[in-house]
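First up is the structure itself, then whatever we jot down about it.
Derivation of every value follows stated rules applied to the coordinates shown; laboratory data play no part. Here the structure is a predicted model, which means the values were calculated and not measured. Virtual Cβ from ideal backbone geometry, glycine too; neighbours counted across all protein chains shown.
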Amino acid sequence: MNDKERNDNNAPENNTEKTPVQEIVDEILEGLPEWLREPLAENFRQIFAVIACVLVAVALWSGYTGYVERGENIASASLGTALHTPDPEQRMELLEKVVKEHGRSDAGEHAVLLLGAAARDAGDLEQASRYFDKARSRFSKESPLYYSSVMGLGYVKEEQGSPGEAKDFFKQAADSDAGYETVALLDLARVCAASGDTSGALEAYEKFMAAAPISSQLDFVRFEIMQLSAKSGDKDKAMQDRQPESSS
């Protein structure tokens, strides 16, 4: 055995444990061809730093994603508890807590809309109007939840005795593509009829029949059209009778 071999055998082993990042770097280097592996190995410190930064970023992002998911789960659970509370006032308190603690989550956004419905159930129409209006401002016009807010405002205005405003909101929903069209048309027709706008009611009912030709509501709609048409005919006849005869 020569001196070099003896020195090699007697050399102390390097028991320094590698970090997970170092092990990853080694695995990457071992999988590369020799002509590329050598220059990369010479710049190991720079490569190590870059990979470490990437891994830290990934870890931070994973942690943030997990945090968001946990937050959404907690908010959703709180929202579910509120929805299963039968008393409207107590439900409002729980929904307000969801908004306060999880306002930026999806559940927090939905809670604002649900607060409008809870306030309406509790008989607080002013508060319901504020919540529905606030919810409408939070959703885009491409979202069905925007038109849920619009419909809510229509119901509140109708109950407050403002049929003109109610008609405007129901018409917005009826002209959308959010899935509320047929329901909104029936609501629009009802409000128009109640406010004496017979032609508007007939138009809404006719649009409903065109949009939902196999609806279970068709018999009801046909009956309403018949009643409104009769009233409209009687009104026209009465107006003709009141007109003075032209002089000969």
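Which percent of the Cα-Cα distances in the stretch 78-138 go past 19 Å?
So the portion of pairs separated by more than 19 Å is 18 percent.
Convert each backbone phi in the stretch 160-175 into a coupling constant with the Karplus relation 6.51 cos²θ - 1.76 cosθ + 1.60 (shift: θ = phi - 60°), then list the ³J(HN,Hα) values in order as whole Hz, x for Gly and Pro.
7, x, 10, x, x, 5, 4, 4, 4, 5, 5, 5, 4, 5, 5, 8
Tell me the trypsin sites (Lys or Arg not before Pro) within the stretch 127-173 that lie in a loop according to DSSP and have at most 14 other beta-carbon atoms within 10 Å.
Lys141
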